[in-house]
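The structure under discussion appears below in the form of C-alpha cells.
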Amino acid sequence: MLSTIAIESIKRRKTTALLTLLSITISISLLLCVDIVRSQVKTSFTRTVSGVDLIVGAPSGQLNLLLSSVFNIGTPTKGIDYKSVASLKSNKQVSWLIPLSLGDTHRGFRVIGTTNRFFEHFKYGDKQALALTEGRVFEQPLSTVVGADVADSLGYTVGDKIIVSHGLGSVSFNNHDDHPFIISGILEKTGTPVDKAVYVTLQGLEKAHSGPKSAHTSRLRKKTAFLNGHSTNEHEHEHEHEHEHEEPTQDNYDSDAFTPESVSVVMLGLKNRAAALQLQYQINQSKKEPLMAILPGMALAELWQIMGNVEALLLGLSGLIVICALIGLATMLLATMRERYQEIAVLRTIGAGPFTLLLLIQLEAMLLTIVSAALSIALVAVLMSMFKPWLSSTYGLFLSSPLFSQSSVIIVLLILGCTYLVSLFPAIAAYKRGLHAGLNSN
C-alpha cells in the first residue's frame, strides 16, 4: 500500500521527479564509468608483460628499468656487456633469454633491437603470444617488424623501407640513411606499448650504427692497398669475398647467432618461477659487472601505487557528484513538503501515523534512486559496448567481461545507503508535520 501511495505521489510531481531522476542517473553513470575504466586500466596495466620472470639491466632503479624496457618511456640504462648476457644464458635456471637494445627512434616511435626470440617468448595479458597480421618475423639482418599503431599512423605495409634515427628525440639530425630496414611483418594490436614500437635485428642495428665508420675504413684500406702497389680491383675482390663470409645471407640468416658487444636490457624466462628471487639476488650481487634484476610483477605493483592517487582523486570527484545529486533529491522532497500538507492531513485522517509518513517519504527517495541505478547500469553497458572499438584503437583499452565487478555492486549499495541517510531530513519534516496534524485534529 505504501509503495502504491509513493508511486502516485511521485506521478503528481512528475516534472520535478524526472529532473531529479535524470541528475541522479547521470551522476551514478559517471561514477560507474570511472570505476569500470579504473579497474580495466589497472588490469591492462598489470598485464602489460606476462611470462617474463626477470628483467636485467644496469643499476638504475627498479622503476626506471621497468619504464625503459617495458613501457618505452624515459632514458634507457647504459649497456651491459654481452659476456654477462652469455653467462646468464648458460645459467641452468634460465629457460630462455631475450636481449633488447634501446636508444634509437623512427619518426617519434621507439626502435628496439632484438632477436626472433622476442616474438616467440614475449607475452602480454593472460600469457597471450604476439601474432602478426601480415608478413613474417626477421628474415635478414635489415628486417624490421613494426607495431600495429606504427603501421596505422604511418601507413606502412610489408616491403616498405624505413630509416632509423639515433637518439630518442622526435626530430633527429643523425639518420642511418646508409642502412634502410625493410618491413618484414606487422604485429597485431595488443593494447600495450608493443603497438608503438619498431623492432629491428641486433645485427642490423649495429650495422646501421657502424655504417659510416665501415665506409671510412674501406676507403682507408683502398688507399693503403694502392700505396703498397696492390691492385685496387684485386683488393675489392678480396674484400667482397671477406664480406660474404662475415655477413649471413637471407637463406642462412639466424638472428640468434649474432652476438653484439653489449645490449641495454635482458628479459629472462626461468624453468622454475620459484627460483626467481634466488636468481635475482645472485644477479644483484654479481661482482664481474654491476647488474640489476627486477621482478616485473613487483615493479608494476609499485608503479601502480604511485598512480593510485590519481585513481582515488577520480573516484572522490565522482562520489561528490553523486552526493550532490542526492542532496538535490532531498531538497526536492523538502521543497514539495508545503504542497503536501493537505495530503498529509488526509493520510492522518484515514489512520496513518507519523512513522508511516516518515517511511513514505523515505520510500519515495529510495524508489527514485533504485530506478536511477537501474537506468545507469543499462546506460553504462550500452555506452561501453558502443565505444569499445574506439577505446581499443585509440587508447589501447580492451574491455574484458564482466564489466561490472564487485566494486560496482558496493558502489550501488553505498549510494542506496546514502539515499536513506539523506532522505531522513525530509522524512523527519513529514513526521513532525504528521504529529502537528494529529494534534490539530484532536
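List of remarks:
- Placed amide H near residue 95: partners under 5 Å, 5+ positions off or other chain: 269, 270, 271
- Distance cut-off 24 Å, percentage of C-alpha pairs in region 1-107 lying past it: 57
- Sorted peptide list for 190-196, 117-123, criterion being average Cβ within 10 angstrom, highest first: 190-196, 117-123
- Surface accessible to a 1.4 Å probe, residue 188 within the full protein complex, Å²: 80
- At 1.567 mPa s and 4 °C, Stokes D of region 64-180 from Kirkwood alpha-carbon radius, µm² per second: 81
- Sequence-ordered 3J(HN,Hα) estimates for region 328-336 from the Karplus curve with 6.51, -1.76 and 1.60 and θ = phi - 60° stand at x, 4, 5, 5, 4, 5, 5, 5, 8 Hz, glycine and proline given as x.
- Near residue 132, the amide H atoms lying under 5 Å from its own belong to 188; only residues 5 or more places off or on other chains count, and H is placed 1.01 Å from N.
- The alpha-carbon of residue 388 sits under 21 angstrom from the alpha-carbons of these lysines, leaving out residues fewer than 8 places away in its chain: 42, 189, 196.
- Residue by residue, region 73-87 carries 3J(HN,Hα) couplings of 10, x, 8, x, 6, 5, x, 10, 4, 5, 5, 5, 5, 5, 5 Hz when phi is fed to the Karplus relation 6.51 cos²θ - 1.76 cosθ + 1.60 (θ = phi - 60°); x denotes Gly or Pro.
- Placed amide H near residue 291: partners under 5 Å, 5+ positions off or other chain: 286
- Estimated inter-spin distance, residue 307 and residue 89, nm [label 7 Å along Cα→Cβ]: 3.4
- Label sites at residue 41 and residue 81, each approximated as a point 7 angstrom past Cα along Cα to Cβ, lie 4.4 nm apart.
- Within-15-Å neighbourhood charge of residue 18 [Cβ basis; K, R +1; D, E -1]: +3
- A DSSP coil position with no more than 10 other Cβ atoms inside 10 Å describes the following trypsin sites (Lys or Arg not before Pro) in region 262-326: 287, 288.
- The share of accessible area on region 1-41 that comes from carbon and sulfur is 72 percent, using a 1.4 angstrom probe.
- Residue-by-residue Karplus 3J(HN,Hα) for region 15-24, coefficients 6.51, -1.76, 1.60, Hz, glycine and proline x: 5, 4, 5, 5, 5, 5, 4, 5, 5, 5
- When the residues 104, 178 are ordered by accessible surface, computed with a 1.4 Å probe over the protein chains alone, the sequence from largest down reads 178, 104.
- Residue-normalised accessible area of region 26-159, given per residue in Å² at a 1.4 Å probe: 38
The values are calculated or read from the model by the stated rules, or taken from the named source; none is laboratory data. Owing to the predicted nature of the structure, the values given are computational and were not obtained by experimental measurement. Quick reminder, even Gly has a Cβ in these numbers, built from the backbone with ideal geometry, and neighbours come from all protein chains shown. Only protein heavy atoms, including side chains, enter the accessible area calculation; ligands, DNA and RNA are left aside. Shrake-Rupley method; radii C 1.70, N 1.55, O 1.52, S 1.80 Å.
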